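Report on the following structure.
We did not get these values from a lab; they are worked out from the coordinates using the rules stated. Please read these numbers as outputs of a predicted model, since none were measured by experiment. Using ideal geometry, Cβ is built from the backbone for each residue, glycine included, and neighbour counts are taken over all protein chains shown.
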């Protein structure tokens with residue numbers, strides 16, 4: 001089970017969409033967090049919100065989830081939104097087990113998340 | 001070696017209420033009605049094989065106390081929370097006429113829930129009984145003496161009739177007690193706590209409660225993996241969900257089931273045992289957490305590794321290694 005992760009970052013209007021593909025675990029979480037925080041700093045220095053498109057995430061470990069919490073806290077402190085969309089079934093299970101589904105704003109699809117930002 | 005759990009609850013003892021017991025009885029009877037049970041043996045088999053543990057039993061409510069039975073004539077206990085009263089009532093197999101066991105206590109730290117059972121530890125009151133309290137904190141003796149003083153408790157520490165010795169441990173050195181090699185490791189907790197690794201005849205028990213883990217610190221995680229390495233059982237503080245541990249309850253000094261599973265898998269642990277249960281969690285919640293933890297262990301299991309056994313400690317549980 002080798003860990004590979006690519007992270008695409010795109011700007012859609014006021015929204016930064018971060019799309020990781022692969023496993024976010026002990027081996028990849030540090031790079032993922034660095035990319036995430038770069039995007040968050042740009043938002044805080046400028047404007048907008050962040051949506052994470054998780055359609056391509058096969059697994060996330062505790063260290064990866066911690067990165068999400070750090071990112072969510074940063075944006076909430078700046079009165080910006082941090083949403084996650086399109087969890088794969090296994091990641092959805094991990095969110096339930098970790099109770100992250102109770103503390104992070106999760107949406108079924110990327111479109112749902114984008115709509116939630118403007119509503 | 002054998003491990004016996006006399007107290008498994010975190011922070012404060014948590015008793016079942018009359019309503020809790022009624023709820024269990026009701027669920028058991030509802031299931032039993034459909035079974036057509038006719039004999040006592042049928043009833044026992046039904047309880048043991050059909051009823052869920054959360055219905056037929058309970059995880060218990062006593063605070064931390066775990067016995068490590070390494071054979072021999074003496075006792076080893078980890079912490080003396082309220083569970084030590086049960087140990088002193090039901091667990092004194094090596095005591096009695098003509099026997100002179102030493103009661104060795106290893107204290108993770110001196111927060112109240114880990115020492116509050118000592119005033120009800122009967123051997124402490126028996127003339128000639130030998131109690132050795134081992135720990136790494138300079139405040140070890142002071143904490144026990146303060147608890148046994150006005151206005152906290154009517155019996156003063158110096159009036160206890162046993163022979164009580166405090167033994168300061170150096171966490172950087174191995175110690176030998178009852179033929180068991182014991183190592184301590186400093187843990188992240190308010191005022192520090194210490195985990196203990198017990199080794200004898202190739203068997204390893206690690207008692208690691210009241211510890212939070214900095215997932216971002218590679219050095220800290222590597223040290224933990226080394227301390228837990230190849231343990232036959234890892235008794236682990238999994239009080240909070242991961243979400244709690246990294247948000248609202250960050251820096252509260254406790255860990256989660258998920259972090260424990262990941263550390264155990266990296267360390268090659270055989271049996272991962274949830275411990276220091278959140279007192280807010282009832283038996284159904286605990287059973288759900290056990291199932292979820294087993295599932296997470298499946299999801300996170302590294303390739304070419306042996307499946308991790310996962311359980312939740314309960315008061316009265318025995319594990320033979």
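Multiplying the residue separation of residue B:40 and residue B:165 by 0.36 nm and removing their Cα-Cα distance gives an extension gain of 40.1 nm. The eigenvalues of the Cα gyration tensor, multiplied by 5 and square-rooted, give the protein assembly as shown an equivalent ellipsoid with semi-axes of 44, 27, 20 Å from largest to smallest. Per residue, chain B reaches -8000 deg cm²/dmol at 222 nm when only DSSP H runs of four or more residues are counted, each adding -39500 (n - 2.57). Would you work out if chain B is rounded, prolate or oblate? Take a ≥ b ≥ c from the square roots of the eigenvalues of the alpha-carbon gyration tensor; rounded if a/c is under 1.5, else prolate when a/b is larger than b/c, oblate otherwise. It comes out oblate by the Cα gyration axes.
For region A:5-114, what is the relative contact order in percent, using Cα pairs closer than 8 Å and at least 6 residues apart in sequence?
Over region A:5-114, the number comes to 25 percent.
Could you tell me whether region B:147-291 comes out rounded, prolate or oblate from its Cα gyration tensor? Rule is a ≥ b ≥ c as square roots of the eigenvalues, rounded for a/c under 1.5, then prolate if a/b exceeds b/c, otherwise oblate. Taking the square roots of the gyration eigenvalues as a ≥ b ≥ c, region B:147-291 is oblate.
Of the residues B:52, B:34, B:229, which exhibits the maximal mean-square fluctuation in a Gaussian network model of chain B defined by a 10 Å Cα contact cut-off? In this elastic network of chain B, the residue with the biggest mean-square fluctuation among B:52, B:34, B:229 is B:34.
With the simple spin-label model, which puts each label point 7 Å out from Cα in the Cβ direction, the residue A:90 to residue B:12 separation comes to 4.1 nm.
If you wrap the Cα atoms of region B:176-248 in a convex hull and average its projected area over all directions, you get 5.6 nm². With a Förster radius of 56 Å applied to the C-beta separation of residue B:94 and residue A:77, the computed FRET efficiency comes to 0.45. Between residue B:217 and residue B:152, the modelled labels are 2.8 nm apart [label points 7 Å from Cα along Cα→Cβ]. Distances between every pair of Cα atoms in region B:171-216, grouped in 10 Å steps from 0 to the bin holding the largest one, split as 27, 47, 22, 4 percent. Calculated [222 nm] ellipticity per residue, helices only, for chain A: -14000 deg cm²/dmol; basis is -39500 (n - 2.57) per DSSP H run with n ≥ 4, divided by all residues, nearest 500. The modelled label-to-label distance between residue B:318 and residue A:27, using points 7 Å beyond Cα along the C-beta direction, is 4.4 nm. Residue exposure proxy: B:252, B:6, ordered by other Cβ atoms within 10 angstrom of their Cβ from fewest to most, comes out as B:252, B:6.
Set against the 2.2 N^0.38 Å expectation for a compact globular protein, chain A has a Cα radius of gyration ratio of 0.96.
Remark: mean inter-chain Cβ contacts per residue of B:260-267 equal 1, using a 10 Å Cβ-Cβ cutoff to other protein chain atoms.
Based on alpha carbons, the Rg and Dmax found for region B:8-148 are 19.5, 61 Å. How would region A:62-119 be classified by its alpha-carbon gyration tensor: rounded, prolate or oblate, with rounded meaning a/c under 1.5 and the a/b versus b/c comparison settling the rest? Note, shape of region A:62-119 comes out oblate. Note on region A:1-55: Rg/Rh from Cα positions, Kirkwood definition for Rh, rounded to two decimals, is 1.01. For the pair residue B:50 and residue B:22, the difference between a 0.36 nm per residue extended length and the Cα-Cα distance amounts to 8.2 nm.
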